[in-house]
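Here, each number is a calculation from the coordinates, and none is a lab measurement. Remember, it's a predicted structure, so these values are computed and weren't measured experimentally. So basically every Cβ, Gly included, is an ideal-geometry build from the backbone, and we count neighbours across all protein chains shown.
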């Protein structure tokens with residue numbers, strides 16, 4: 001990179017600065033991927049909340065939801081402590097459109113499965129249906145979290 | 001970034017500040033210590049550059065006490081993102097012939 005001067009950049013200096021910026025983004029990408037247990041924990045929290053519906057006890061569900069919210073806060077804090085960063089791939093970074101599209105599909109699938117699970121659990125009285133839905137959505141949530149990180153990091157490594 | 005009007009920015013141009021903006025542009029927030037490690041400068045040097053970016057309205061500094069430790073996080077403001085994007089566009093314009 002070049003020294004501190006005003007506006008008289010030549011082609012070589014500008015190219016060097018662009019290359020340095022791309023190098024910095026690649027180096028940053030190396031620290032952004034969370035450990036595997038982070039995604040597993042996220043998926044488990046969702047599974048716990050949805051699975052608790054099968055107990056047919058509002059107090060248990062509320063208690064599990066509160067504990068899951070606290071767990072989510074802990075995961076956010078852990079991520080920030082581990083990586084020193086926080087980012088929302090829908091709003092910043094190189095794959096915003098891709099992630100927003102994936103999130104729309106995720107929310108649609110989540111809503112459909114949630115409704116179907118609740119119908120099965122409460123209307124058809126299929127005990128344990130929400131455990132199954134929780135397992136499917138929890139696993140999908142963990143995998144989606146992993147995918148978002150991978151896509152984000154790949155986007156950073158691909159350059160400016 | 002290519003749809004932005006290229007504009008050289010003298011505040012962002014010095015290498016450490018360009019690096020800081022480049023890192024912050026890729027995330028929502030980044031802790032001071034993480035930026036320092038990535039840029040490879042001392043606390044005091046980073047503070048000086050951050051101060052200049054903050055005075056230009058390009059960087060927001062947030063301090064929080066977590067578990068009795070003070071943590072400082074940095075974020076690019078909207079103006080900072082726009083200025084950085086325009087500066088990178090200017091670098092691209094200059095290097096177009098390469």
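Averaging 1/r across all pairs of distinct Cα atoms in chain A and inverting the result yields a Kirkwood radius of 18.3 Å.
For the Cα trace of the stretch B:49-98, dividing Rg by the Kirkwood Rh returns an Rg/Rh value of 1.22.
Note on residue B:61 and residue A:60: the model spin-label points, each 7 Å out from Cα along the C-beta direction, lie 5.2 nm apart.
Counting only DSSP H runs of at least 4 residues, each contributing -39500 (n - 2.57), and dividing by the residue count of chain A, the helix-based mean residue ellipticity at 222 nm comes to -25500 deg cm²/dmol. Counting only other chain Cβ atoms within 10 Å of each residue's Cβ, the peptide B:89-96 averages 5. Fewest-first ordering of A:38, A:105 by other beta carbons within 10 Å of each residue's beta carbon gives A:105, A:38.
Taken along its three principal axes, the alpha carbon spread of chain B comes to 53, 24, 21 Å, from the longest extent down to the shortest. Cβ crowding within 10 Å ranks B:21, A:141 as A:141, B:21, fewest other Cβ atoms first. Looking only at B:50, B:35, B:27, which one moves most when chain B is put into a Gaussian network model with springs between Cα atoms under 10 Å? Judging by the Gaussian network model, the answer is B:27. A helix-only calculation puts chain B at -15500 deg cm²/dmol for mean residue ellipticity at 222 nm, using -39500 (n - 2.57) for each DSSP H run of at least four residues, averaged over all residues. Look at the alpha carbon pairs under 8 Å that are at least 6 residues apart: their mean separation over the length of the stretch A:46-160 gives a relative contact order of 41 percent. Taking the number of Cβ atoms within 10 Å of each Cβ as an exposure proxy, the fewest-first ranking of B:58, A:122, A:53, A:110 is A:122, A:110, A:53, B:58.
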